[in-house]
Amino acid sequence: MTYIGYCGDDCELCPRRIATKRNDVEELKKAAILWKKVGLHDHLVSPEEMLCNGCASLEKCHYNNIRECNKDKEISNCGKCGEYPCEKINQVFHTTHSYAKQCKEKCDTKDYQCLHHAFFSKKERLDTIHFKYMTDVKK
């Protein structure tokens, strides 16, 4: 089963989450280097700080307003919200687009493709989830 984050990230494709699930310290170190390289962290963090077991497990989120909104509405991601797309998630899409541009400039093709599939396709992913959710609700 695919784990989709509150904001639409595909956590099962995320290098950080994959390394956490495998308990692979070397891969967590590589993910930390990649996160710094693309500007997701302003300094190199330890493998322990890179551990991720999903949105609810993290103390800090780039999109904390999305996490809190999902928790308040008791939904697993924004695609399952009747108000989707809202201003909050549209801001996430805008921010994600700027990260995608940065990553394309700083990453090799393999790393960029990995990040693209995990993070930069969140709008399309949430659109699909929302369409299915709304179809199911109408039944």
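The values are calculated or read from the model by the stated rules, or taken from the named source; none is laboratory data. Please read all numbers here as calculations on a predicted model, not as lab measurements. Using ideal geometry, Cβ is built from the backbone for each residue, glycine included, and neighbour counts are taken over all protein chains shown. Remember, those area values only see protein heavy atoms, side chains included, never the ligands or the DNA or RNA. Shrake-Rupley method; radii C 1.70, N 1.55, O 1.52, S 1.80 Å.
Things to note:
- Counted by Cβ distance under 10 Å from K122, the other residues give a net charge of -2, where Lys and Arg count +1 and Asp and Glu count -1.
- Measuring gaps between exposed loop sites in the chain (GluC sites (Glu not before Pro); DSSP loop; at most 14 other Cβ atoms within 10 Å), the longest gap, sites not included, is 1-58.
- Environment charge at I4 (Cβ cut-off 14 Å; Lys +1, Arg +1, Asp -1, Glu -1): +2
- Taking a ≥ b ≥ c as the square roots of the eigenvalues of the alpha carbon gyration tensor, the chain is prolate, as a/c is not under 1.5 and a/b beats b/c.
- Solvent-accessible heavy-atom area per residue, rounded to whole Å², over the chain at 1.4 Å: 62
- Mean-position separation - Cα centroids, segment 1-41 and segment 64-82, in angstrom: 21
- Computed label-point distance, nm, for sites E87 and Q102 using a 7 Å Cα→Cβ extension: 2.4
- Listed cross-link partners K101/K122; K88/K138; K101/K123; K21/K123; K36/K106; K73/K122 are compared with a 18 Å cut-off, the Cα-Cα value being larger for K88/K138; K21/K123; K73/K122.
- Once the Cβ-Cβ distance of L51 and Q113 is raised to the sixth power relative to R0 = 35 Å, the FRET efficiency obtained is 0.90.
- Relative contact order (%) - the chain, alpha-carbon pairs under 8 angstrom, separation at least six: 33
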